[in-house]
Each structure stands twice: as C-alpha cells, then as structure tokens.
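See structure below.
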Amino acid sequence: MTSHAPADPVSTATLAAKGLRYELVDTADRAAHGRWIDADLRGFHRARPEEAKREALLDAHGADRTIGVYDDTIIDPATPIATVSGWTSELTMSPDRTLPAWAISSVTVSPTHRRRGVARAMLEGELRAAHAAGFPLAMLTVTEATIYGRYGFAPAAQASTITVDRAAARWNGPEAPGRIHFVEPGDADATLRDVTTRATRRTPGEAARAEADHRHLFGRIEPAGEEARATRVARYDDAQGRPRGFVVYRVVRTPPKRGSVEVDRFVAVDDESERALWRFLVEQDFVERIVVPLRSIDDPLPWLLADPRAVSFASHVDHLWVRVLDAPRALSSRRYSAAGALVLDVEDPAGFVDGAVRLETDATGDATVERLGDAMVIGDAPRLVLGAPELASILLGGVRASVLAAAGRIDGSPEALALADRMFAAERTPLLSFWF
Ligand SMILES: CC(=O)SCCNC(=O)CCNC(=O)[C@H](O)C(C)(C)COP(=O)(O)OP(=O)(O)OC[C@H]1O[C@@H](n2cnc3c(N)ncnc32)[C@H](O)[C@@H]1OP(=O)(O)O
C-alpha cells in the first residue's frame with residue numbers, strides 16, 4: 001500500500017457521524033505533517049520536539065501512510081485529535097522466508113477525545129485498508145497488552161530484557177575467529193543496513209526496518225543530543241573481514257561509580273557473530289551490569305558463561321503482535337517442522353479469516369493450504385477450532401497450540417494438538433528485536 005492509499009471509507013463515515021474528519025495527511029505539506037507529529041508525541045506523553053528534531057522526524061517519516069482525525073470545533077483544529085501511521089514491511093516467517101506485512105504505529109487519541117470509538121475506527125480502518133491492498137498480515141508493537149486483542153491481534157513473538165552481572169560474568173564459550181571494530185554510524189551506514197537485513201531474515205518474528213528506524217538507530221534524529229553523542233557502534237567482522245553483526249550501545253556512568261552498558265540494538269547474522277558481540281559486551285571494564293532489551297527468551301548467553309546465574313531474564317510475555325488477514329497465504333509462507341494434515345477451523349467475527357482451511361505439510365517442511373467451503377466434507381484430518389488471535393499466536397511457533405488449549409483458547413483432540421505442536425515448532429524461537 002502506498003503512502004497515498006486513501007483513508008478507509010467505512011471509518012470515514014463512522015467518524016463523520018461523530019463530527020470528526022478522518023483523513024490522509026499529505027506528508028509533503030510539512031506544516032500539516034508537523035502538527036500530526038506534535039499530536040503523536042503528545043499522545044504518547046512525550047515532550048514537544050526541538051525544531052531540529054521535528055525537521056528530522058518529518059524527513060524520516062515522510063514515506064509513511066499517515067492518517068489524522070480532526071475536530072473542527074476545537075481551539076486548534078489543524079492539530080489532529082488522533083493519529084495512526086503505517087508502512088509496508090516484511091515479516092520473517094521462517095529463516096529466509098518472508099511475507100509482506102502492514103506495520104501499524106503511532107496509534108494515539110487525545111485525552112480530550114478518548115473512549116468515543118476513535119481508536120476502534122482507526123484500527124478497523126487500517127485492517128480493512130491493508131486487507132483491500134492484499135496484505136496477508138498486519139502487525140504492531142504495543143504500549144498496553146489489553147488494547148489490540150479485540151481487533152484480532154495476538155502476541156506472536158516474545159522478548160526478554162537480559163541483564164548481566166559483570167563481576168560474575170566469566171567467558172566460557174568458544175573464541176571468535178574474527179575481530180571487533182568501532183565504526184562511526186555515518187561511515188558504515190550501508191554496511192550496517194546490509195547486516196541488519198540479513199539478520200532480519202535469520203529469525204522468525206523479525207521485521208524489515210522502516211527508514212525512520214535506521215535514522216533513529218544511527219543517531220540522525222537528534223545528532224546533537226547527549227545520548228546520540230554517547231552512542232557507540234561496535235561491529236564484528238569474521239576472519240575474512242566480512243561484517244557479520246554489530247551492537248549499538250552507551251555506557252551510562254556517574255563517576256566515581258561503575259556504570260552500566262545499555263544496549264540499543266544487538267544485530268547478528270549468525271551464531272559466531274552473536275557470541276563475539278556478547279563477549280565484547282560482557283567483558284567491558286569499569287561497569288557493573290550490561291542491559292540488553294528485546295533478546296530471545298532462548299538466548300544462548302547463560303551457556304556461554306562459567307556462571308549462568310550471572311545472567312537474568314526479565315520476561316515480557318509479548319512483543320510482536322500479529323493480525324492474520326489471509327490465512328492460506330500466511331500459513332503457506334513458512335516452513336514446518338513435521339509432515340501432516342490439519343484442518344484449522346477459524347472463527348473471526350471481523351470476517352477476514354473466518355472459515356476452515358486445510359493445511360498439509362510435507363517432509364521438506366513446505367505447505368499447501370486450501371480454504372474449505374461450507375459444503376465441503378472435512379474428511380479425516382485432525383481438526384482444531386480456534387479464533388483469529390490464536391491463529392496469529394501459533395503462526396510463527398511462538399507458543400504451542402497445546403498451551404493455548406490448556407488455557408481454553410483452542411479446541412482439539414489430544415492427537416490434533418500434538419500434531420499441531422510438532423508441525424508448527426519453529427526452527428528458531430521467534431523474536432522481534434526492536435520497537436516500531
Ligand atoms: C501500535 C501502537 O501505536 S500502541 C500505542 C497505543 N497508544 C497509546 O498507548 C497512547 C495513549 N492512549 C491512547 O491514545 C488511547 O487511550 C488509545 C489509543 C489506547 C485508545 O483510544 P480510544 O479512542 O479511547 O479507544 P476507543 O474509544 O476506540 O476504544 C475501543 C475499545 O478499546 C478499549 N480500550 C481503549 N483504550 C484501552 C486501554 N488503554 N486498555 C484497554 N482497553 C482499552 C475500549 O474500552 C473499547 O472497548 P470496546 O469497544 O471493546 O468496548
């Protein structure tokens with residue numbers, strides 16, 4: 001979907017009936033887009049931006065499909081009372097298999113207009129527009145875990161914040177054959193983007209970055225800010241000198257105390273680079289802890305240290321939220337871990353994925369998926385009955401169907417659940433390693 005795709009007509013009418021204008025923002029009109037950015041920051045309780053930051057945000061978000069909701073009866077009718085944005089991304093379904101996905105962000109409603117159905121109209125509008133444009137999935141990361149289930153989204157990948165006690169962390173893993181270099185983000189921009197793209201394809205749940213994300217990451221939104229100037233980028237190059245991963249981090253310290261290493265991003269295309277970057281981080285001197293957010297709940301670090309208790313995982317139960325819009329395309333895009341046939345009888349009050357599909361996988365992990373019409377005989381394939389959110393949660397293998405059955409959220413025989421667990425098991429534990 002392009003940034004100019006029109007606002008959904010149903011939501012336009014719903015909000016018009018409430019006296020509100022639901023409109024696409026012309027991001028070439030910097031004054032109008034600037035008001036939208038101000039409303040977005042206010043919606044997230046953030047400070048007004050300095051002029052240079054506002055300009056950088058306008059440049060970074062110029063290609064997003066940007067929607068505002070306007071109330072002509074307020075004192076400042078040019079500033080939207082609600083915001084939402086979206087862009088075309090790709091979600092990694094299995095290592096090296098990706099699927100187009102509509103990424104949604106900046107969902108805010110002004111506290112002066114809350115609980116009147118504005119967010120509902122915006123979310124339903126995004127889903128209808130994404131579905132009409134042919135996206136099999138929509139996805140987002142959330143401030144609160146209670147907002148998006150009602151629209152058919154559900155957690156598909158979890159993430160953990162890892163904290164390492166520096167004094168207790170003694171390296172016990174293999175030596176890395178390559179070496180670490182400090183690089184300045186501006187000089188290494190193209191290389192870091194390339195490494196990021198390759199790392200994204202390594203793990204289910206990772207998503208292609210928007211341009212704005214690269215600019216945030218490499219300090220271009222507030223280059224003069226203290227935080228950006230304290231940020232370092234350390235890159236791992238393998239024995240042949242090929243870049244394979246990098247960490248973006250700051251050491252935060254109040255002299256004379258020891259500081260902490262705070263990692264913004266940890267990107268690795270393979271196990272070797274991941275180990276090398278962990279070693280670099282945990283062997284920093286003059287710090288007492290290393291904090292790395294959004295790591296896999298299956299991170300190998302405890303197995304790389306002499307004392308695994310030097311590592312603690314503070315678990316999030318959710319990070320990436322997915323909404324399936326086309327079940328056959330979503331299901332057939334990943335690789336499966338076992339051969340078998342299952343009928344998935346999906347209930348979706350919004351209608352996007354309502355109905356039964358037959359999923360058949362072969363020994364190579366490839367799948368064929370067919371939609372079953374009402375009149376079709378379902379045959380003898382084991383059957384699961386589940387809602388659209390549960391389909392999203394098991395899709396990447398982030399949770400087992402049997403766990404959702406234990407929670408009363410999926411119905412199926414023990415045989416059907418055991419087969420689903422084997423088929424949907426992920427090659428790598430799903431993870432999304434950044435916010436959007
Ligand atoms: C992808 C992202 O951008 S995540 C960011 C989400 N935004 C924020 O956290 C910013 C601060 N919060 C806000 O701006 C607003 O409170 C929003 C966007 C969360 C909700 O906006 P509203 O217009 O008040 O929501 P709306 O009136 O459409 O409510 C729709 C439904 O969501 C429910 N709901 C609204 N906010 C919340 C919430 N914070 N927690 C749980 N449920 C909520 C409502 O009760 C309603 O339920 P129902 O229709 O099933 O009965």
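Of note:
- Criterion: surrounded by fewer than 19 Cβ atoms within 10 Å (Cβ to Cβ) and over 28 Å from the mean Cα position of the chain (by Cα) - qualifying residue of ASP366, ASP354, ASP362: ASP362
- Residues of segment 197-208 that turn out to be surrounded by 22 or more Cβ atoms within 10 Å (Cβ to Cβ) and either of a type in the set (S, T, N, Q) or out of contact with any strand residue (DSSP E or B) (no Cβ under 6 Å at 6 or more places or on another chain) (or both), as a count: 2
- Just one residue in the set GLU274, GLU222, GLU262 is of a type in the set (D, E, K, R), farther than 23 Å from SER89 by Cα, part of a strand (DSSP E or B) and under 26 Å from the mean Cα position of the chain (by Cα); that residue is GLU262.
- Meets criteria (surrounded by 22 or more Cβ atoms within 10 Å (Cβ to Cβ), touching a strand residue (DSSP E or B) at 6+ places or on another chain (Cβ under 8 Å) and not assigned by TED's automatic domain parsing to the domain that holds ASP354) for PHE182: no
- Considering only residues in segment 307-333 that are surrounded by fewer than 24 Cβ atoms within 10 Å (Cβ to Cβ) and of a type in the set (Lys, Arg), the one that is nearest to ASP362 (Cα to Cα) turns out to be ARG329.
- Among residues of segment 27-69, those that are of a type in the set (Gly, Ala, Ser) and either in a loop (DSSP other than H, G, I, E, B) or outside the structural domain of PRO80 (by TED's automatic domain parsing) (or both), counted: 4
- Test: residue in segment 337-345 that is at pLDDT 95 or above, on the phi < 0 side of the Ramachandran plot, crowded, with 20+ Cβ neighbours inside 10 Å and not aliphatic (A, V, I, L, M): no
- Contact map, segment 409-432: residues that are of a type in the set (Asp, Glu) paired with residues that are assigned to a helix (DSSP H, G or I), Cβ distance under 6 Å, separation 6+ or inter-chain. Pairs shown: ASP421/ALA401; ASP421/SER402.
- Matching residues, segment 92-105, being in contact with a Gly (Cβ under 8 Å, 6 or more places away or on another chain) and surrounded by 24 or more Cβ atoms within 10 Å (Cβ to Cβ): THR92, TRP102, ALA103, ILE104
- Entry remark, segment 163-177: residues being buried (at least 20 other Cβ atoms within 10 Å of the Cβ) and under 24 Å from ASP237 (Cβ atoms) number 3 in total.
- A residue that is surrounded by fewer than 17 Cβ atoms within 10 Å (Cβ to Cβ) and in a helix (DSSP H, G or I) occurs nowhere in segment 231-253.
Quick grid of which residues meet (1) without any contact (Cβ under 8 Å) to a residue 60 or more places away in the chain; (2) surrounded by fewer than 22 Cβ atoms within 10 Å (Cβ to Cβ); (3) over 30 Å from SER332 (Cβ atoms):
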site	(1), (2), (3)
PHE44	no, yes, yes
PRO49	yes, yes, yes
GLU55	yes, yes, yes
ALA60	no, yes, yes
PRO77	yes, yes, yes
PRO80	yes, no, yes
SER85	yes, no, no
GLU90	no, yes, no
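- Residues of segment 74-85 satisfying the condition of being away from the ligand (no atom under 16 Å from the Cβ) and either part of a strand (DSSP E or B) or β-branched (Val, Ile, Thr) (or both): ILE75
- Listed conditions (1) part of a strand (DSSP E or B); (2) more than 16 Å from the ligand (Cβ to nearest atom); (3) not assigned by TED's automatic domain parsing to the domain that holds ARG253 are all met by ALA330, apart from (1).
- Number of positions in segment 15-37 that are within 16 Å of the ligand (Cβ to nearest atom) and either at pLDDT below 95 or surrounded by fewer than 19 Cβ atoms within 10 Å (Cβ to Cβ) (or both): 5
- Residue match in segment 287-307 (condition: within 20 Å of GLY259 (Cβ to Cβ) and either of a type in the set (Gly, Ala, Ser) or without any contact (Cβ under 8 Å) to a residue 24 or more places away in the chain (or both)): no
The values are calculated or read from the model by the stated rules, or taken from the named source; none is laboratory data. Model, not experiment: these values are computed from the prediction. Positions of Cβ are backbone-derived with ideal geometry, glycine not excepted, and every protein chain shown enters the neighbour counts.
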